[in-house]
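Undergrad: Take this structure, written in structure tokens, and hold onto it; I'll ask about it next.
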Amino acid sequence: ITSMAAEQWSELETLFIEFEDLALELLNTYASSQVRKFMGDDFLRQIVIRHVLCCVLLDLHLEFVRPEHLPQSSPERFKDVVTAPVLLRKARDVIELCSVEDRYRMSDRPPTPPAKPQSPIQELVPPASPQPIAAATVAEAITGDSSANDHPASLST
């Protein structure tokens, strides 16, 4: 955005005030007690609210699709607040007013995750559930022979 009429700027300021008020209301409702401690201080409250607004707007942006592109916070990322439909609608109102809809997801569907780059390193797949390994399985793994199951193993499970 390189230029904006004064009337449009005033309307944008009003939308951002509403956007911030909605974020504050949602934070007071859904945020953990750790986060609510920050809400008593004006400066820290404003930082938290603006962090939420950045998360919402960047989450809608078409080029910010990977988790590492999004702002991070500790103790949480305010998932319930950031994904609240009322806040998303207000963000889309801001986007429309700025006429940058071509750069944002304007529908309610989730973003398409980017294709995972091919890696020459194979990832190890963990077992479905942690279970003790049977002695026969250990013997088979060591010898590479499935007939090891036929012989009594000295290991017990």
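Any read-out appearing in this document is the output of simple, stated calculations on the displayed coordinates, not a laboratory observation. What you see is a predicted model, and the numbers here were worked out from it, not measured in a lab. Using ideal geometry, Cβ is built from the backbone for each residue, glycine included, and neighbour counts are taken over all protein chains shown.
Undergrad: At 10 °C and 1.306 mPa s, what whole-number value in µm²/s does Stokes-Einstein give for the translational diffusion of the stretch 1-40, with Rh from the Kirkwood sum over Cα pairs? Before the final figure, lay out each step's value.
TA: Details: Rh = 12.0 Å.
The calculation lands on 133 µm²/s.
Undergrad: Taking the inverse of the average 1/r across all pairs of different Cα atoms in the stretch 1-92, what Kirkwood radius in Å do you get?
TA: Value: 14.0 Å, from the Cα pair sum.
Undergrad: Taking amide H atoms as placed 1.01 Å from N in the peptide plane, list the residues 5 or more away in sequence, or in a different chain, whose amide H sits under 5 Å from that of Leu70.
TA: Amide H neighbours of Leu70: none.
Undergrad: If you don't mind, another one. Could you please report the charge total around Val94, scoring K, R as +1 and D, E as -1 over all other residues with beta-carbon less than 13 angstrom from its beta-carbon?
TA: That sum, taken over residues with Cβ under 13 Å, equals -3.
Undergrad: Given H placed 1.01 Å from N in the peptide plane, which residues other than close sequence neighbours of Tyr104 have an amide H under 5 Å from its amide H?
TA: Leu62
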